[in-house]
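In what follows, a single structure is set out as structure tokens and then discussed.
The values are calculated or read from the model by the stated rules, or taken from the named source; none is laboratory data. Not measured: the values here are computed from a predicted model. Every residue, glycine as well, gets a Cβ built from its backbone with ideal geometry; the counts of neighbours run over all protein chains shown. These accessible areas exclude ligands, DNA and RNA; they are computed on the full protein's heavy atoms, side chains included. Shrake-Rupley method; radii C 1.70, N 1.55, O 1.52, S 1.80 Å.
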Amino acid sequence: MKNRLLFLGPPGAGKGTQASILCEEFGFLHLSTGDLLREEVQAGSSLGKEAAEIMNKGELVSDQLVLSIVQKRLLNQHKGWLLDGFPRNLSQSKALKKFLDEINQPIQTVLLIEINDEILVERLLSRGREDDNEEVIRHRLQVYRDKTAPLIDHYGDLGILKIVQGDDEVKLVSSRIKSALV
Ligand code: AP5
Ligand code: MG
């Protein structure tokens, strides 16, 4: 089983759901930049205050801010790690590569979870997180297409990309993911 992983996919694809299942089973560190930012918002830290407004609009927070919260956690001891929602654009992926080269822990597999737009909108509307209203969801989707989707070709060119369909029930998607990671 590969143990240095990255999950890519649009909002609502199931990255967080599937990452939790996999990390629970294999003891990997689950690093969701969205979850870490929401913790900062909850705590009312200065970082959280800076992030909240941007997140509620569905824009990306600054590269520097997310890099700082990811890097310190990757330095801890763990059985492996799974990055969920990071990197989100080419400049974050470049900065991540530089850092991972320095600690000699390159990414082994990038897993793209694909899903139909209408299914993801439906899923997110029924979840109802603060940024889950139709207008913001559509904007997050646009930001994904403009800024994050170029990472698909980037990692595809590096030969480390795997693709799974995320439209089906959680268990089925989960078993597809495990098969893709052996
Ligand atoms: P983030 O928290 O990463 O949100 P997102 O990308 O919009 O994606 P979601 O977390 O909504 O979807 P998911 O794919 O994890 O799906 P989930 O498993 O939850 O980012 C939020 C914001 O933070 C960004 O907009 C940005 O502002 C900021 N941010 C974060 N990272 C950043 C970065 N690196 N750089 C800059 N800014 C950053 O599932 C969704 C719902 O569907 C759930 O209710 C779930 O129960 C359900 N579900 C999941 N799988 C299934 C299934 N198979 N069948 C039915 N329902 C399912
Ligand atoms: Mg998520």
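Figures for the structure shown
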read-out	value
Segment Arg129-Leu65, extension gain: residue separation times 0.36 nm, minus the distance between their alpha carbons	20.9 nm
Charge dipole (debye, nearest 20) of the chain; +1 at Cβ of Lys and Arg, -1 at Cβ of Asp and Glu	660
Compactness index (Cα Rg / 2.2 N^0.38 Å), region 5-81	1.15
Region 46-182: relative contact order in percent, alpha carbon pairs under 8 Å with at least 6 residues between	31
Whole-number accessible area per residue in Å² for region 7-133, which is evaluated in the context of all protein chains at 1.4 Å	49
Sequence ranges 106-113, 51-58, 80-87, ranked by mean other-Cβ count within 10 angstrom, highest first	80-87, 106-113, 51-58
Whole-Hz ³J(HN,Hα) from phi, Karplus 6.51 cos²θ - 1.76 cosθ + 1.60, for region 32-49, glycine and proline x	9, 5, x, 4, 5, 5, 5, 4, 5, 5, 4, 6, x, 5, 5, 4, x, 5
Normalised per residue, the volume of the convex hull around the Cα set of region 82-136 (Å³)	116
Distance in nm between pseudo-label sites at Lys79 and Leu158 (7 Å out along the Cβ direction from Cα)	2.5
At 1.567 mPa s and 4 °C, Stokes D of region 37-133 from Kirkwood alpha-carbon radius, µm² per second	84
Per principal axis, descending, Cα span of the chain in whole Å	38, 37, 30
Residue-averaged [θ]222 nm for the chain, counting only DSSP H segments that reach four residues, each worth -39500 (n - 2.57)	-17000 deg cm²/dmol
With 5 Å bins from 0: P(r) over region 107-162, alpha-carbon pairs, percent	4, 16, 23, 19, 15, 12, 8, 1
Pair Asp117, Asp146: separation of 7 Å Cα→Cβ label points (nm)	1.5
